[in-house]
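**Student:** I am attaching a structure below and will ask some questions about it afterwards.
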Amino acid sequence: MFHPLKGKIKSFLFPSAESRFICYSPVSYRTNFDGDRTKFDLKAYMLQKINVVNKALDAAVPLRNPTKIHEAMRYSLLSGGKRICPIVCIASCELVGGNESIAMPSACALEMVHAMCLMHDDLPCMDNDDLRRGMPSNHKVFGEYVTVLAGSALISRAFEHIATTTVGVTPEKILRVIGEFARLIGPEGVVAGQVADLKSGGQDQSDTGLEKLEYIHLHKTAAALEASAIAGAILGGASDEEIERLRKYSRCAGLLFQVMDDILDVTKSSQELGKTAGKDLLANKLTYPKLIGIEKSREFAEKLKREAQEQLIGFDPEKAAPLIAMANYISHRKK
């Protein structure tokens with residue numbers, strides 16, 4: 001299994017091979033494959049994909065009885081957000097020859113699981129946060145028991161949605177997607193990362209460090225992005241070699257997202273972030289700025305971005321542009 005930092009976690013500042021990508025802004029992005037430049041407007045691409053994904057999510061979880069549960073599900077699912085996991089899923093599918101309609105059920109399912117994770121993360125027994133995406137957390141609106149049940153309902157709905165609404169691919173591919181999906185969000189994936197994250201707080205950090213922190217983030221944010229990229233690749237008809245390259249890309253991009261999250265937590269206000277700032281510091285949780293400082297954390301983020309983008313060399317530059325630009329966007333995001 002690919003491990004993006006194995007053997008070099010404490011030496012990430014040493015330069016790697018020169019990247020073959022020329023990066024400008026997260027909105028207007030240029031790629032360079034063997035000297036061939038093309039301009040890509042990531043902002044327009046993301047807005048278009050977010051609009052399509054939001055409509056699909058609205059249709060996937062309609063307001064039904066019991067009303068309170070469905071209201072709670074929709075409250076977090078439709079409250080906005082970057083929709084990075086669905087976009088990565090769709091972009092990965094399109095990269096290897098598939099299309100948006102094939103990937104959309106899995107893209108929606110990924111966002112359902114992401115919403116569940118946020119709902120449960122904010123609970124008093126977890127991260128205990130009253131604010132999410134600039135709004136009161138789910139349990140502050142609907143109560144803790146409803147939030148727990150609504151989150152569980154979103155998980156089951158996610159698998160049902162993949163199984164019953166994916167069209168245009170073989171049952172074998174759908175089963176493979178479900179298997180990857182379950183593994184990456186389960187007890188050896190996102191759940192394992194959350195357990196380790198919760199245990200990392202408090203005063204006793206004797207068994208913690210950079211490797212522990214990397215484990216947490218590879219099994220949380222990175223695992224979610226990995227599920228997104230792999231699901232899209234499988235549905236699009238990728239070869240095993242292409243799938244593994246997208247696995248490497250998504251792990252680096254996922255770890256990059258979390259490094260930036262750690263940086264933003266100590267450099268931005270709650271109003272800017274849409275969630276409680278400085279929460280990790282108050283909880284004495286492990287973060288990259290805490291362990292290596294702000295500047296080295298930023299340098300580490302830049303290295304992860306380059307490594308993610310290098311996995312896309314050899315793909316069609318036009319089809320790879322969204323994923324190349326996505327890594328650039330993650331490294332420049334402000335919230």
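The values are calculated or read from the model by the stated rules, or taken from the named source; none is laboratory data. These figures come from a predicted structure and were not determined experimentally. Because the Cβ atoms are built from the backbone with ideal geometry, glycine has one as well, and the counts that use them run over all protein chains shown. All accessible areas refer to the heavy atoms of the entire protein, side chains included, with ligands and DNA or RNA removed. Shrake-Rupley method; radii C 1.70, N 1.55, O 1.52, S 1.80 Å.
**Student:** Is it true that some residue in the range 126-144 is at pLDDT below 95, of a type in the set (A, V, I, L, M, F, W, C) and touching a His at 6+ places or on another chain (Cβ under 7 Å)?
**Tutor:** Yes: one or more hits.
**Student:** Could you list, in sequence order, the residues of the range 157-168 that are buried (at least 17 other Cβ atoms within 10 Å of the Cβ) and assigned to a helix (DSSP H, G or I)?
**Tutor:** If the condition is that a residue be buried (at least 17 other Cβ atoms within 10 Å of the Cβ) and assigned to a helix (DSSP H, G or I), then 157, 158, 161, 162 are the ones that fit.
**Student:** Residues in the range 8-17: is at least one touching a Lys or Arg at 6+ places or on another chain (Cβ under 6 Å), under 30 Å from residue 314 (Cβ atoms) and modelled with pLDDT of 95 or more?
**Tutor:** Of the residues in the range 8-17, the ones touching a Lys or Arg at 6+ places or on another chain (Cβ under 6 Å) are 12.
Still in the running and under 30 Å from residue 314 (Cβ atoms): 12.
Next, from what is left, pick out any that are modelled with pLDDT of 95 or more: none.
No: zero hits.
**Student:** Is one or more of the residues making up the range 169-180 crowded, with 21+ Cβ neighbours inside 10 Å and within 26 Å of residue 286 (Cα to Cα)?
**Tutor:** no
**Student:** Restricting the range 69-87 to residues that are under 22 Å from residue 235 (Cβ atoms) and charged (D, E, K, R), which is least open to solvent (accessible area, probe 1.4 Å)?
**Tutor:** 83
**Student:** Of all residues in the range 88-123, how many are of a type in the set (D, E, K, R), within 28 Å of residue 71 (Cα to Cα) and open to solvent by 10 Å² or more (accessible area, probe 1.4 Å)?
**Tutor:** Summing the residues that are of a type in the set (D, E, K, R), within 28 Å of residue 71 (Cα to Cα) and open to solvent by 10 Å² or more (accessible area, probe 1.4 Å) in the range 88-123 gives 2.
**Student:** Then there is this: Condition check: under 23 Å from residue 250 (Cβ atoms) and outside any helix (DSSP H, G or I). Does residue 188 satisfy that?
**Tutor:** yes
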